[in-house]
1. LYS67: which aspartates and glutamates have alpha carbons under 17 Å from its alpha carbon, excluding same-chain residues fewer than 8 sequence positions away?
2. State, to one decimal in nm, how far the label point of GLU23 lies from the label point of LYS67, with both points 7 Å from Cα in the Cβ direction.
Amino acid sequence: MTKLYKIFSKIDTVHGYCEECEEESILVAIVSDFYRCTNCGHDTKQHINGRIRYMSLTESDKDFIKKHGKTEVY
């Protein structure tokens, strides 16, 4: 396994619906429970309540990412 492949295998990606561009998209984790749409670049928060939903971020969510954005994503 190449070094580059190992790096990319640790990236958390999910398939979900982006409310901003209204498209099914691949969402890439930027920190735990926060994802960025690969179609439009909109940041979303994962919400689990019987089903998984990706919602727009609030200002407090954006502040959390700024504080914790340097931590390892799992």
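Just so you know, all these numbers are worked out from the coordinates, no wet-lab data involved. Predicted, not measured: the structure shown is a model, and the values here were computed from it. Heads up, the Cβs are rebuilt from the backbone with ideal geometry, glycines too, and the neighbour counts pull from every protein chain shown.
1. LYS67 reaches ASP33, ASP43, GLU59.
2. If labels sit at GLU23 and LYS67, their model points lie 3.4 nm apart.
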